[in-house]
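Presented below is the structure to which this report refers.
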Amino acid sequence: MSDITKKSLTEIVRLIKKKEIKSEELTQSFIKNINNDKKLNSFITNCSDEALNKAKNFDKNPKLDTLLPGVPIAVKDLFCTLGVKTTAGSKMLENFVPNYESSITNNLWNEGAFLLGKLNCDEYAMGSSNETSYYGNVMNPIAVNTVPGGSSGGSASALAANLTPTTIGTDTGGSIRQPASFTGTVGLKPTYGLCSRWGIVAFASSLDQAGPMTKTVEDCALMLEVMAGFDKKDSTSINKKKENYSKNLTDNIKGLKIGIPKEYRVDGMPKEIDNLWENGKNLLKDSGAQIVDISLPNTKYALPTYYIVAPAEASSNLARYDGVKYGYRSKKGNNLIEMYENTRSEGFGDEVKRRILIGTYVLSSGYYDAYYIKAQKVRQLIKNDFDQSFKKVDAILTPSTPSSAFKIGEKKNNPISMYLNDIFTVPVNLAGIPAISIPAGTDNNNYPLGLQLIGRPLDEQKLLNIAYAAEKKINFKQSLNRWWEK
Amino acid sequence: MTKPIRKYLIEGEKGKWEVVIGLEVHAQVTSNSKLFSGSSTKFGAEPNTQVSLVDSAFPGMLPVINEFCIQQAIKTGLGLKAKINSYSVFDRKNYFYADLPQGYQISQYKNPIVGEGEITLDLAEGSKKVGIERLHLEQDAGKSIHDLDPSSTFIDLNRSGIALMEIVSKPDLRSPDEVNVYVKKLRSIMRYLGTCDGNMQEGSLRADVNVSVRKEGDKHLGTRCEIKNVNSIKFMQMAIDYEAKRQVEILESGKKINQETRLFDTKKNETRSMRSKEDAHDYRYFPDPDLLPLNIDQNLIEKIKKSLPELPDQKKERFINEYSLTPYEANVLVYDKEISEYFEEVVKNSDKNLTKNWIMGDLFASLNEKNISITESLVTANKMAQLIDCISSGLISGRTAKEVFEIIKETGEEPKKIIESKGLQQKSDPKELEKIIDKIISENKDKVTQYKSGKDKLFGFFVGQVMKVSGGKANPQLVNEILKQKLK
């Protein structure tokens with residue numbers, strides 16, 4: 001059989017169900033790739049032994065009426081996993097082993113999958129290049145010393161390099177879609193509230209959303225089906241019926257209206273991305289969709305709004321990491337205050353500290369109205385823009401990122417330039433709506449570029465259908481020379 | 001004629017000062033589980049045995065509102081005749097402390113669940129309405145234990161996450177006495193509603209006390225100080241007394257009051273500065289993004305309104321009308337729900353006057369003496385009713401009843417059995433009494449002559465003789481009647 005690790009999740013599930021491959025063989029193949037990985041650094045915790053045991057157990061008594069039978073899956077290290085270290089990419093949680101399982105990973109295991117490992121990510125999911133992780137940089141399999149994007153950088157890298165058949169990430173401002181775009185993979189940020197946040201280390205509660213990262217749109221539909229669902233343990237979870245996204249997947253998008261927002265044409269955007277966007281429009285038109293010019297006038301305020309709302313929430317969410325109950329505690333300090341100061345100074349990295357400082361500042365009395373309240377108002381305006389547009393169109397097409405993957409270190413000392421990378425993804429989180437990034441081509445360096453489709457709240461099915469149609473037309477093929485194994 | 005109002009004023013060297021007091025009462029919501037988690041709220045458990053992952057703020061844990069606590073807050077609001085807000089928001093109050101696992105307390109800041117209401121105080125000089133500013137729900141913190149180890153602090157998170165109602169009064173109180181009546185009334189209302197057990201020993205009711213002073217007649221509020229976390233009414237009164245005098249002294253010496261938070265030292269009986277306004281925490285309140293705003297359905301409010309029990313004020317009115325009690329007596333009998341229920345249980349088949357006198361007299365004295373509550377007394381309502389019945393029916397005299405009461409109080413025995421076994425029944429047979437009386441009259445002819453010639457006081461002598469001969473068991477009423485006839 002040809003290399004099973006290159007196949008899509010859907011194909012793997014089909015082979016297992018037809019008993020053409022055993023879970024043990026499948027798992028062994030991924031473990032071999034993981035062991036051969038000398039440079040990507042996409043894993044923080046390797047669960048090969050446990051995974052192999054689970055695979056063997058599965059094969060002894062294969063339960064095939066599940067959606068992910070016998071499939072090993074590595075997940076972003078932001079999902080708490082029962083008995084398996086969960087670091088959130090931080091020194092603060094270097095030795096933290098949860099005695100509980102996040103709702104989302106639990107959903108995966110309930111459908112027959114098991115844990116292959118925990119994937120590297122930016123510290124507390126704060127970053128766009130995976131360079132803020134305490135556990136080191138992750139490389140993009142497309143080229144040496146190239147970032148995989150972030151914060152779900154380890155997830156994207158491992159997926160693209162065939163170290164896991166699928167993965168899950170979290171997306172607060174683009175943390176699934178931007179790395180998907182950088183690595184030539186598919187990433188979906190669902191409607192806020194569709195996937196439970198229970199058991200995910202929180203960054204910004206009103207923006208965080210878990211989502212699938214896959215090789216194909218079909219895989220994405222399957223994974224979303226497994227992940228989505230009401231969870232009474234998450235008060236912001238939406239109570240609605242489960243949908244059968246993969247079964248209802250179709251490339252028939254005739255008559256759908258696709259909006260093209262003029263505000264996403266930013267200064268200094270590479271020509272290749274413009275072309276990619278143009279190409280996307282044309283192929284959707286070829287598929288029978290109608291292209292409509294729209295305006296999202298408040299787009300320019302999205303990034304500054306995001307960098308008030310997200311740090312504000314983060315500054316409060318991260319207050320619990322104080323050295324008292326679990327996680328890292330500094331040995332220095334003569335009293336409680338000094339223990340706090342030393343623990344948090346030593347346990348958090350620079351980017352996390354920066355955001356805690358920003359967040360604390362914008363919530364302070366005297367600044368609260370000017371920053372936080374104002375940002376909430378602008379957030380509503382941004383959401384209104386989308387609501388207005390969705391009266392006219394079924395989905396919106398934009399580039400996923402303003403550039404392709406950049407080099408490690410290139411933007412590290414320029415936070416603003418780093419933040420600008422999320423310019424196309426952030427508005428979606430502020431509006432709480434779903435968006436998917438699919439690979440749509442490459443730039444001059446042969447680095448992948450993604451297109452983003454944005455949909456109405458809870459309209460993931462239509463979004464997947466459009467992406468599915470586009471994927472067929474684009475027929476993107478990734479060729480990697482597996483340099484990281486040498 | 002209006003009664004003279006006994007104003008509580010501080011006599012300074014330069015005049016009289018009025019004390020202005022506002023209270024923030026923290027009342028623990030009666031609920032089996034915590035405000036945002038399913039952990040038990042039972043008092044007195046081993047440390048850290050009632051702590052969930054949410055209460056200890058583990059990564060990725062999320063709060064889920066306990067709807068019962070919402071209903072309890074609404075109920076309390078209705079009991080305070082307050083406006084229930086259909087829209088309210090949970091906010092995060094951010095500060096670091098070792099017994100605050102989340103690094104923030106979930107509370108309500110700008111949009112509390114309950115708005116303005118009022119409480120009527122029954123004071124010696126008449127009734128007074130005290131405004132309620134608001135009531136909001138919030139989580140309690142854990143407990144830091146500093147005295148178990150010389151170098152470490154221990155943390156008990158059993159309290160962490162327990163639901164509290166913070167009930168904020170307007171600055172309408174004017175004396176330690178009013179504070180006493182206010183807290184008791186508030187406690188009484190909540191106990192009637194079953195929304196807070198008001199148990200101060202277990203910390204179910206604590207208060208922050210805001211105190212300021214102003215020259216008598218001045219309409220402007222002075223600068224206030226907040227005395228934090230006082231856990232008994234007596235300490236509240238002592239703290240106010242000390243604090244008001246301290247402020248008067250400062251103002252009379254020409255200095256200004258610093259707005260600050262102070263602590264009451266119960267051992268030294270003084271308040272001490274904790275932090276000044278400049279050092280006040282910046283709590284960085286913002287809406288908790290893990291919780292949706294609370295939208296309360298009008299139907300729920302109506303439903304709860306219909307289920308409200310009779311409250312102290314209503315019961316007081318009814319007691320006055322039904323049982324011909326004075327307002328004072330009615331107040332005393334309704335303050336404690338259990339006492340009011342005891343009273344009604346006894347009075348339904350007994351004489352009104354005897355019931356009220358026995359409960360407010362001997363029974364209350366016995367409760368005080370033993371320092372127990374009415375539900376703990378061996379003199380149950382049933383036994384009290386029996387005892388009173390024995391008096392009304394003439395089986396025993398009031399004096400003998402006291403003797404019987406003393407025995408019930410200690411042993412819980414049935415009154416009738418005690419009377420029987422000790423042979424305490426009254427002699428109420430007129431023929432038997434006549435015999436005794438005839439004998440006494442014949443033996444004291446001289447006294448009879450004196451009595452008849454106008455020495456009325458000798459009547460008591462005859463009664464005494466009858467009692468002596470009958471061993472105290474003669475029915476005094478009957479003795480009176482017969483004697484009067486015979487001595488005509």
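Worth pointing out:
- Put simply, of B:G44, B:G12 the only residue that is over 30 Å from B:C225 (Cβ atoms), modelled with pLDDT under 95 and out of contact with any Pro (no Cβ under 8 Å at 6 or more places or on another chain) is B:G44.
- All positions within segment A:1-58 that are under 22 Å from A:M139 (Cβ atoms), of a type in the set (D, E, K, R), in contact (Cβ under 8 Å) with a residue 60 or more places away in the chain and in a helix (DSSP H, G or I): A:K6
- All positions within segment A:259-286 that are crowded, with 18+ Cβ neighbours inside 10 Å and either in contact with an Asp or Glu (Cβ under 7 Å, 6 or more places away or on another chain) or aromatic (F, W, Y) (or both): A:I260, A:Y264, A:E272, A:W277
- Enumeration of residues in segment A:103-118 that are among the polar types (S, T, N, Q) and closer than 21 Å to A:L163 by Cβ: A:T105
- Within this structure, B:S393 passes the test of being modelled with pLDDT of 85 or more and of a type in the set (G, A, S).
- Pair list, Cβ under 6 Å, 6 or more apart: segment A:88-106 residue closer than 10 Å to B:P59 by Cβ and at the interface with chain B (Cβ under 10 Å from one of its Cβ atoms), other residue of a type in the set (G, A, S) and in a helix (DSSP H, G or I): A:M92/A:G347
- Segment A:85-111: number of residues that are in contact with an Asp or Glu (Cβ under 8 Å, 6 or more places away or on another chain) and not in a loop (DSSP other than H, G, I, E, B): 3
- Qualifying residue in segment A:197-212 (condition: hydroxyl-bearing (S, T, Y) and more than 23 Å from A:A312 (Cβ to Cβ)): no
- All told, B:Q485 falls short of being closer than 29 Å to B:L354 by Cα, of a type in the set (S, T, N, Q), exposed (fewer than 14 other Cβ atoms within 10 Å of the Cβ) and in contact (Cβ under 8 Å) with a residue 60 or more places away in the chain.
- One residue alone among B:P101, B:P112 is surrounded by 15 or more Cβ atoms within 10 Å (Cβ to Cβ), within 9 Å of chain A (Cβ to nearest Cβ), modelled with pLDDT of 95 or more and in a loop (DSSP other than H, G, I, E, B), and that residue is B:P101.
- One residue stands out among those in segment A:194-204 that are assigned to a loop (DSSP other than H, G, I, E, B) and at the interface with chain B (Cβ under 10 Å from one of its Cβ atoms): the one that is surrounded by the fewest Cβ atoms within 10 Å (Cβ to Cβ), which is A:W198.
Each row is one residue, and each column tells you yes or no for (1) touching a Ser or Thr at 6+ places or on another chain (Cβ under 6 Å); (2) under 25 Å from A:Y306 (Cα atoms).
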position	(1), (2)
A:S181	yes, yes
A:G184	no, no
A:T191	no, yes
A:L194	no, yes
A:G199	yes, yes
A:A202	no, yes
A:A210	yes, yes
A:V226	no, no
A:S235	no, yes
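Listed here are the residues, each with its yes/no results for (1) touching a Ser or Thr at 6+ places or on another chain (Cβ under 9 Å); (2) in a loop (DSSP other than H, G, I, E, B).
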{"position": "A:Q380", "(1), (2)": "no, no"}
{"position": "A:F386", "(1), (2)": "no, no"}
{"position": "A:K392", "(1), (2)": "no, yes"}
{"position": "A:L397", "(1), (2)": "no, no"}
{"position": "A:E410", "(1), (2)": "yes, yes"}
{"position": "A:L430", "(1), (2)": "yes, no"}
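- Of all the numbered requirements in (1) in a loop (DSSP other than H, G, I, E, B); (2) surrounded by 24 or more Cβ atoms within 10 Å (Cβ to Cβ), A:L463 misses one, and that requirement is (1).
- Scanning segment B:37-77 for residues that are of a type in the set (D, E, K, R), more than 14 Å from chain A (Cβ to nearest Cβ) and touching a residue at least 40 places away in the same chain (Cβ under 8 Å) gives a single hit, B:K75.
Listed here are the residues, each with its yes/no results for (1) in a loop (DSSP other than H, G, I, E, B); (2) closer than 26 Å to B:G131 by Cα.
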site: B:E24; (1), (2): no, yes
site: B:S37; (1), (2): yes, no
site: B:S56; (1), (2): yes, no
site: B:L78; (1), (2): no, yes
site: B:Q105; (1), (2): no, no
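- Among the conditions (1) buried (at least 24 other Cβ atoms within 10 Å of the Cβ); (2) more than 14 Å from chain B (Cβ to nearest Cβ); (3) closer than 23 Å to A:R14 by Cα; (4) not acidic (D, E), A:W109 misses just one, which is (1).
- Count of segment A:310-369 residues which are assigned to a helix (DSSP H, G or I), among the polar types (S, T, N, Q), surrounded by fewer than 21 Cβ atoms within 10 Å (Cβ to Cβ) and within 11 Å of chain B (Cβ to nearest Cβ): 1
- Residues (part of a helix (DSSP H, G or I) and closer than 12 Å to A:L397 by Cβ) located in segment A:274-304: A:L276, A:W277, A:E278, A:N279, A:G280, A:K281, A:N282, A:L283, A:L284, A:K285
- Residue pairs whose Cβ atoms lie under 6 Å apart, separated by 6 or more positions or on different chains, with the first residue in segment A:229-245 and farther than 13 Å from A:L67 by Cβ and the second charged (D, E, K, R), are A:D234/A:R197; A:S237/A:D231.
- B:A82 being buried (at least 16 other Cβ atoms within 10 Å of the Cβ), in the same structural domain as B:I301 (by TED's automatic domain parsing), over 23 Å from the mean Cα position of the chain (by Cα) and not in a strand (DSSP E or B): no
- Residue list for segment B:273-321, filter: more than 30 Å from B:K352 (Cα to Cα), under 32 Å from the mean Cα position of the chain (by Cα) and in a loop (DSSP other than H, G, I, E, B): B:I296
The values are calculated or read from the model by the stated rules, or taken from the named source; none is laboratory data. Source: prediction; values computed, not measured. When we count neighbours, we look across all protein chains shown, and the Cβ atoms used for this are built from the backbone with ideal geometry, even at glycine.
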